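The values are calculated or read from the model by the stated rules, or taken from the named source; none is laboratory data. These numbers come from a predicted model, not from an experiment. A quick note on method: Cβ atoms are made from the backbone with ideal geometry, for glycine too, and the neighbour counts reach across all protein chains shown. For the accessible areas, the whole protein counts, side chains as well, though only heavy atoms, and no ligand, DNA or RNA atoms are used. Shrake-Rupley method; radii C 1.70, N 1.55, O 1.52, S 1.80 Å.
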Amino acid sequence: MSSTKIAIIGLGYVGLPLARLFATKYAVVGFDINEERIQELQSGTDSTLEVADDVLQQVLTDTPKMEQGLYCSSRLEDIADCNYYIVTVPTPVDSTNRPILIPLYKSSETVGKVLKKGDTVVYESTVYPGVTEDECVPVLEKISGLKFNEDFFVGYSPERINPGDKEHTVEKILKVTSGSTPEVGQKVDELYKSVITAGTHLAPSIKVAEAAKVIENSQRDINIAFVNELAKIFNLMEIDTHQVLEAAGTKWNFLPFKPGLVGGHCIGVDPYYLAQKAQEFGYHPEIILAGRRMNDGMGKYVASEVIKLMVQNDIRVKGSHTLILGITFKENCPDVRNTKAVDVISNLQSYGTNLTIYDPWASPEEVEHEYGLTTTQELSSSKKFDAIVLAVAHKEFLKLDFSGLLSEKGILYDVKGILQSGVDGRL
């Protein structure tokens with residue numbers, strides 16, 4: 001594959017690590033419409049923290065005409081001579097939880113403008129079964145004027161990036177691959193196998209690979225919903241849920257899921273993609289949507305539990321001062337996409353509490369842009385709070401002096417259960 005040149009479309013949490021990895025063996029052009037992102041990356045810095053700056057700088061080149069390495073660009077002409085196009089754009093849902101495929105359509109139009117005979121387009125974005133061939137391929141055909149499976153080919157290899165995880169990096173996660181023909185499937189598989197040390201699994205069809213991806217996170221979502229429901233039950237019984245899970249976890253086949261807020265770009269979104277497709281076939285998925293309802297309601301539940309504890313401690317709720325610890329969707333990661341911490345925040349605001357949101361990882365500018373909320377990356381040790389909600393398990397929060405932050409009657413609610421016993425509330 002010495003003549004292989006790869007374009008990675010979308011340089012976010014998924015695209016950049018993949019581009020960096022491929023660039024260790026191939027000529028790679030990372031394409032993104034965000035000019036600021038391109039400038040940042042070409043200067044050798046990644047604000048998502050997925051790729052260390054020194055690692056990124058090792059593969060960067062200053063020209064798109066190279067034999068190996070990574071060049072980041074927003075110019076269409078820089079990806080015109082590529083023969084593999086790998087699409088890694090986001091696939092969110094709207095306010096009614098219906099899939100938004102616009103990023104896929106737009107990126108397919110972009111690729112279609114430079115698509116040539118013999119090229120292969122591989123999609124990594126999470127979708128419901130059928131999107132690649134039924135939705136994306138027609139766009140590629142229309143824009144390029146080429147014929148599918150004669151002039152160009154497609155593949156699907158679902159991303160399995162875990163944002164913030166420095167142990168399970170892209171090359172260490174087994175990759176599912178597929179192609180629009182058996183021969184293309186083999187080519188796509190060989191391409192990924194050349195850089196993925198964990199190996200690959202060649203699925204028999206694109207639809208199988210799409211379905212496999214969407215059920216991975218749906219399964220995880222359902223399991224977390226189960227322990228969230230257990231947490232509600234055990235809270236009513238005044239039993240510590242984490243102690244129960246620790247005891248049950250001594251059995252060899254017990255699944256070690258923990259309760260909490262379920263957000264992010266994957267787990268909180270993917271089940272809706274599968275549910276949408278199922279409903280098109282006349283089937284109403286009960287378990288999948290029940291799990292989503294449970295997890296989507298946890299923000300409101302946490303807020304109500306905090307308010308209940310404040311009332312029990314004779315704390316006047318309206319006008320009280322509450323500290324929210326963390327607004328990212330998961331610990332030790334700057335990603336704020338689809339974070340459920342904002343559900344806790346909005347519900348507490350409805351009670352008239354004054355909120356301070358502290359997150360050393362989240363960009364205040366990004367949070368302001370996405371949610372209209374003011375956050376800080378520094379915390380004053382002199383201010384006292386009537387309530388503290390530990391919403392995200394950032395490592396920095398373990399070092400906080402909570403006794404110095406709480407007012408005389410103040411309560412501490414540990415959503416993630418990362419503190420020692422003695423807190424006023426935890427899931």
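Points worth noting:
- Any pair with Cβ under 6 angstrom, 6 or more apart, that starts in the range 46-73 at a residue that is open to solvent by less than 80 Å² (accessible area, probe 1.4 Å) and ends at one that is assigned to a loop (DSSP other than H, G, I, E, B) and among the acidic types (Asp, Glu): Leu56/Asp46
- Residue, least open to solvent (accessible area, probe 1.4 Å), within the range 23-45, restricted to residues that are assigned to a loop (DSSP other than H, G, I, E, B) and within 23 Å of Ser194 (Cβ to Cβ): Ala23
- Exclusive hit being open to solvent by 10 Å² or more (accessible area, probe 1.4 Å), over 30 Å from Asp94 (Cβ atoms) and at pLDDT 95 or above, set Asp386, Asp424: Asp386
- Sole exception among (1) closer than 25 Å to Ile161 by Cα; (2) among the hydroxyl-bearing types (Ser, Thr, Tyr); (3) open to solvent by 30 Å² or more (accessible area, probe 1.4 Å) for Ser346, by number: (1)
- Filter result (closer than 23 Å to Asp119 by Cβ and either at pLDDT below 95 or out of contact with any strand residue (DSSP E or B) (no Cβ under 7 Å at 6 or more places or on another chain) (or both)) within the range 188-203: Glu190, Ser194, Val195
- The set of residues in the range 204-229 being open to solvent by 10 Å² or more (accessible area, probe 1.4 Å) and either more than 30 Å from Lys300 (Cβ to Cβ) or outside any helix (DSSP H, G or I) (or both) consists of Pro204, Ser205, Lys207, Val208, Ala211, Ala212.
- Considering residues of the range 76-86 that are in a loop (DSSP other than H, G, I, E, B) and touching a strand residue (DSSP E or B) at 6+ places or on another chain (Cβ under 8 Å) only, the residue most open to solvent (accessible area, probe 1.4 Å): Asp81
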